[in-house]
Amino acid sequence: MAALLCGRPVFRSWLCRGALKGPGRLYRAAVCSELKQPLAVGELAPRPVLPHEVRVDVHFCGVNFADILVCSGQYQEKPHLPFTPGMEFSGTILETGTDVSTVKEGDRVIGVSHINAMAEECITDQKTVWRIPENLPLLEAATLPVTYGTAILALEHRARTQSGETVLVTAAAGATGLAVIDVATNVLQAKVIAVAGSDEKCKLAMQRGAQFSVNYSQGSLKEAVKQLVGSGGVNVAIDMVGGDVFLEALRSLAWEGRIVVIGFAGGNIASVPANLLLLKNISAMGLYWGRYQFQNFPVFSKSLNSALQYYHQGRIQPYVGKVFKLEEVNDAFLHIMQRKSTGKVLLSLK
Ligand SMILES: NC(=O)c1ccc[n+]([C@@H]2O[C@H](COP(=O)([O-])OP(=O)(O)OC[C@H]3O[C@@H](n4cnc5c(N)ncnc54)[C@H](OP(=O)(O)O)[C@@H]3O)[C@@H](O)[C@H]2O)c1
């Protein structure tokens, strides 16, 4: 069997573990064969779909901060090496298993997969694909699962954000950050304070609907928020950075404020000073969106259905910052790691 992995030998048993559908048919995929090392692009043999599974012709795959963590061994989930990263996709159904009734060959879908989507095709459970309408381009559709799913669950399910409340969001010009701004302002009618690492990112966040912005590379976040909203503080904080940024966001909360911990992009995990929770009747909570898939599927599914519905109603406008080719997957990772990205970063498989 021909198998190319950027000139390096590959794990033959892994490449051969599935049966070929057509003689010699292979598909291209990003491959992580060593943690913290650049990915390779190789050709893999497809395996047969199980009765409840579908094979998807992937058009676009999201590149998330979490994919970088997975490939460096710093994520909650640690797949066995070698593996193909990628958690979400848009594309069309190529093949369905014998028990599949929800989608058929040719349907346009978005979906989530268990870390294998950075490839020309991927296999996933029929439960985790959603049909999309003809008027939703596959490019924009690929932005919906992780970032909008997370933004919707953070704001609606966890923080119970109300119309007129003030929402502070950190890493606000990133993929999840812009989705939070979009949902908070355009769906929930909340006011957003966007917190980001440069003036350009602040400007973008304002253009995408934030009412105020703070460049947190310049001085105290808490003081800047106080200048904007007074000592009353903000009702909701969505934090993706962690460390001191999390602590300053926590200290910026109003009476009965809610802070949702989404990530630790800055690399530091802060401890919560419990006295602050007591003094202002504050709630500190976490959100691990992907985990809902296994713990409470109806909630998980609702986040995707809501994203599709909001798009259909013209209430949200996903922002794609940059699209890379599969062969440029390492450049895409670097683009995010070096804090150069804004909005959603995608890989195009076409
Ligand atoms: N819990 C969940 O279910 C869930 C779901 C989605 C995402 N997340 C988390 O949310 C965060 C954002 O994810 P994303 O995919 O949307 O990425 P992203 O926000 O598009 O990119 C990461 C951003 O984090 C900020 N950042 C701060 N310190 C950084 C550092 N030391 N290195 C790199 N970036 C740094 C940067 O923005 P500034 O320059 O503005 O600081 C950067 O642009 C990540 O922590 C991710 O793990 C969690």
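If each residue of separation counts as 0.36 nm, what is the full-extension length gain between Gln76 and Asn268 once their alpha-carbon separation is subtracted? All intermediate terms of the calculation are to be shown ahead of the outcome.
Values: separation 192, 0.36 × 192 = 69.12 nm, distance 1.52 nm.
Contour length minus the Cα-Cα distance gives 67.6 nm.
Roughly how far apart, in whole Å, are the Cα centres of region 229-244 and region 288-349? Computed from Cα coordinates, the inter-centre distance equals 23 Å. The packing ranking, built from the mean of other Cβ atoms within 10 Å per residue, places the peptides 191-203, 320-332, 120-132, 52-64 in the order 52-64, 191-203, 120-132, 320-332, highest first. Enclosing the Cα atoms of the chain in their convex hull gives a volume equal to 127 cubic angstrom per residue. Summing charges over all other residues whose Cβ lies under 15 Å from the Cβ of Leu204, with Lys and Arg as +1 and Asp and Glu as -1, gives +4. Within a Cβ distance under 9 Å of Gly343, other residues only, what is the Lys/Arg minus Asp/Glu net charge? Combined, the nearby Lys, Arg, Asp and Glu give +3.
For the peptides 288-301, 90-103, 226-239, the ranking by packing is 226-239, 90-103, 288-301, with the highest mean count of neighbouring Cβ atoms within 10 Å listed first.
Using 11 Å as the cut-off for backbone N distance, which residues of region 231-258 belong to the label zone defined by a point 7 Å from the Cα of Gln295 along Cα→Cβ? Residues passing the 11 Å test: none.
Got a sec? How would Met206, Met118, Met337 order by Cβ neighbour count within 10 Å, fewest to most? Working shown, then result.
Values: Met206 18, Met118 31, Met337 13.
Lowest to highest Cβ neighbour count: Met337, Met206, Met118.
Pairs exceeding 25 Å between alpha-carbon atoms, taken from Lys203/Lys344; Lys201/Lys344; Lys203/Lys302; Lys201/Lys322; Lys191/Lys226: Lys203/Lys302.
Seen from Ala29, the other residues with C-beta closer than 11 Å to its C-beta sum to a net charge of -2, counting Lys and Arg as +1 and Asp and Glu as -1. Reducing region 60-110 and region 121-141 to their Cα centroids gives an inter-centroid distance of 11 Å. Working ranking of peptides 145-151, 258-264 by packing, defined as the average number of other Cβ atoms within 10 Å per residue, highest first, is 145-151, 258-264.
When the alpha-carbon atoms of region 133-179 are used, the pair Rg, Dmax equals 12.5, 35 angstrom. Ranking Ala151, Leu349, Val169 by how far each Cα lies toward the positive end of the dipole of the chain (charges on Cβ) leaves Val169 at the top.
Every number here is computed from the coordinates shown, using simple stated rules; none is lab data. What you see is a predicted model, and the numbers here were worked out from it, not measured in a lab. Here Cβ is always computed from backbone atoms with ideal geometry, including for glycine, and neighbour counts include all displayed protein chains.
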